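Taking it in order: structure first as structure tokens, then the write-up.
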Amino acid sequence: MSIDPSILIAIRVLGALVFGMAALGKLHHRDEFVGVVANYRLVPEPLVHVVACLVVALETVVVLSIATGVGLAAGAGLAVILLCGFALAMAINLARGRQEIDCGCFQSTLRQRLSVPLMVRNLVLTAAILPLIEAGARSARLVPLQVLDGVAGGIVLFVLYQVFSQMLALRDVAEATRKRFA
């Protein structure tokens, strides 16, 4: 099945922006991100810093691959693995009753607690990125208008992704405020 090249470009722009913003946020708040990794309680304490650095490095590889198209299938595959891994880490902690911890996504200026909607967000993004794995194996001749459509579409998708993330974070703020004043 062939997917319109402008849709593939939109997915690439979305993926590059999501992973790029996440990596930059984690780099900007390195110590906080190491604390988030520790708070998930999934890796032994001596490996927490290494895992935090590895996550940022892998996210950076995803950005470079998806943005440039070099190794696109591998980069998209890595993105899928990371997103599924993040969703699994959230699911494990939700099953432990630990929804109060920060997701560590760094997609919002507000803290985001673990929640099923965050897991769903990751899985939807995973589904969106999957076509890039197949598309990476072939190259399509692009028309400038397709590139423009794809870039514009990817930016719109990223804005919608950010709005959803902010809505989830604001829901948590509203809930905390209600508890404080109840």
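For the peptides 167-173, 86-92, residues were scored by their other Cβ atoms within 10 Å and the scores averaged per peptide; the highest-first order is 86-92, 167-173. When the Cα positions of Leu47, Leu8, Leu64 are compared along the charge dipole of the chain, Leu47 comes out farthest toward the positive end, with charges on each C-beta of Lys, Arg, Asp and Glu.
Angle check, please: helix 72-95 long axis (alpha carbons) against the longest principal axis of the chain (alpha carbons), in degrees 0 to 90, nearest 10. In the chain, helix 72-95 runs at an angle near 20 degrees to the longest axis. If one takes the longest principal axis of the Cα atoms in the chain, at what angle in degrees, from 0 to 90 and to the nearest 10, does the Cα axis of helix 116-135 lie? It works out to around 20 degrees. Springs join every pair of Cα atoms under 10 Å in this Gaussian network model of the chain, and among Val48, Val37, Val120 the largest mean-square fluctuation is at Val120. Compute the angle between helix 144-181 and the longest alpha-carbon principal axis of the chain, please, reported from 0 to 90 degrees and rounded to the nearest 10. That helix lies at roughly 10 degrees to the long axis. Put the Cα centre of the stretch 20-35 next to the Cα centre of the stretch 79-135 and the gap is 16 Å.
Note on the chain: with charges restricted to the Cβ of Lys and Arg (+1) and Asp and Glu (-1), its dipole about the Cα centre is near 380 debye.
Placing pseudo-labels 7 Å out from each Cα toward the beta carbon at Leu42 and Arg111 gives an inter-label distance of 2.0 nm.
Quick one: putting +1 on the C-beta of Lys and Arg, -1 on the C-beta of Asp and Glu, what dipole do you get for the stretch 74-138 around its Cα centre, in Debye to the nearest 20? Kindly include the intermediate steps, with their values, before the conclusion.
Numbers: 6 positive and 3 negative charges, 23 e Å.
For the stretch 74-138, the charge dipole is close to 120 debye.
Expressed as a whole percent, the accessible area of the stretch 1-96 that falls on carbon and sulfur atoms is 72 (1.4 Å probe). Across the chain, the mean sequence separation of Cα contacts (distance under 8 Å, 6 or more residues apart), normalised by length, yields a relative contact order of 34 percent.
Express the carbon and sulfur contribution to the solvent-accessible surface of the stretch 127-182 as a percent, rounded to the nearest whole number, probe 1.4 angstrom.
Numbers: 2780 of 3850 Å².
Solvent-exposed carbon and sulfur of the stretch 127-182 make up 72 percent of the total.
Farthest toward the positive end of the dipole of the stretch 129-182, out of Met167, Val151, Pro131, is the Cα of Met167, where the dipole comes from beta carbon charges about the Cα centre. The per residue volume of the convex hull around the alpha-carbon atoms of the stretch 1-42 is 70 Å³.
The largest-to-smallest principal axis extents of the Cα set in the chain are 57, 39, 29 Å. Per residue, the chain reaches -26500 deg cm²/dmol at 222 nm when only DSSP H runs of four or more residues are counted, each adding -39500 (n - 2.57).
The values are calculated or read from the model by the stated rules, or taken from the named source; none is laboratory data. A quick note: this is a predicted structure, and the numbers were derived from the prediction, not measured. Note: ideal-geometry Cβ built from the backbone for every residue, glycine included; neighbour counts use all protein chains shown. Areas reflect the complete protein model, heavy atoms only, side chains present, ligands, DNA and RNA absent. Shrake-Rupley method; radii C 1.70, N 1.55, O 1.52, S 1.80 Å.
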